[in-house]
Amino acid sequence: MFEEFFPTIFPLFFSVIFLSVLGVFIFVGIKGLREWMHNNRQQVFSDPVMVVDKRTHVWGGHHTGTHHTGSSTSYYITFEFENGDRQEFMVPGRVYGQTASGDTGTLTWQGTRFHDFQRVKL
């Protein structure tokens, strides 16, 4: 019985898994494209801000014995505007490393896209 059932269920199972993975890729791609297009339509702002928080997100990587795969790090800074609103942006590692909580300066941004932070030197 199993010998007769397996040849019919395996192609169906494989097709469902393949279509699910393909669907996730398409969804993520469309979501990223929509955010990119939305940001491109937004005005570029330069506002005085204060750095209120920093965080990193490390993902990937695996270490077993002598085998190590690389990991990636994303850097985030939360800025507070003069009106008290806060917004977090993903920033390059260089910017992350050159800022500290409490720093003030000018944030240049567009939608959800970080452009630059020019720190005011005291």
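The values are calculated or read from the model by the stated rules, or taken from the named source; none is laboratory data. Treat the numbers as computed from the prediction; the structure is a model and nothing was measured. For neighbour counting, all protein chains shown are included, and Cβ atoms are generated from backbone atoms with ideal geometry for every residue, glycine included. Side chains are part of the model used for accessible areas, which takes the heavy atoms of the whole protein and leaves out ligands, DNA and RNA. Shrake-Rupley method; radii C 1.70, N 1.55, O 1.52, S 1.80 Å.
Taking every DSSP helix (H) stretch of at least 4 residues in the chain, weighting each as -39,500 (n - 2.57) and dividing the sum by the residue count yields a mean residue ellipticity at 222 nm of -13000 deg cm²/dmol.
Restricting attention to the range 60-122, which GluC sites (Glu not before Pro) occupy a DSSP loop and are surrounded by at most 10 other Cβ atoms within 10 Å?
82
Modelled this way, with points 7 Å down the Cα-to-C-beta line, the labels at residue 55 and residue 90 are 1.5 nm from one another.
Sum up the charges of everything whose Cβ sits under 13 Å from the Cβ of residue 52, counting Lys and Arg as +1 and Asp and Glu as -1, but leave residue 52 out. Net charge around residue 52: -3.
Globularity index of the range 35-92 is 1.64 (Cα radius of gyration / 2.2 N^0.38 Å, N = number of residues). Surface exposure of the chain, expressed per residue as accessible area with a 1.4 Å probe, stands at 76 Å². Quick note on the chain: its Rg to Rh ratio, both from C-alpha atoms and Rh being the Kirkwood radius, is 1.23. Between the Cα long axis of helix 2-41 and the first principal axis of the chain there is an angle of about 20°, rounded to the nearest 10. Assign one of three labels to the range 82-122, namely rounded, prolate or oblate, based on the Cα gyration tensor with a ≥ b ≥ c the square roots of its eigenvalues; rounded applies when a/c is under 1.5, prolate when it is not and a/b is larger than b/c, and oblate otherwise. Taking the square roots of the gyration eigenvalues as a ≥ b ≥ c, the range 82-122 is oblate.
Of the solvent-accessible surface of the chain, computed with a 1.4 Å probe and all protein chains present, 62% belongs to carbon and sulfur. When the surface is traced with a 1.4 Å probe over the full set of protein chains, residue 72 keeps roughly 50 Å² accessible.
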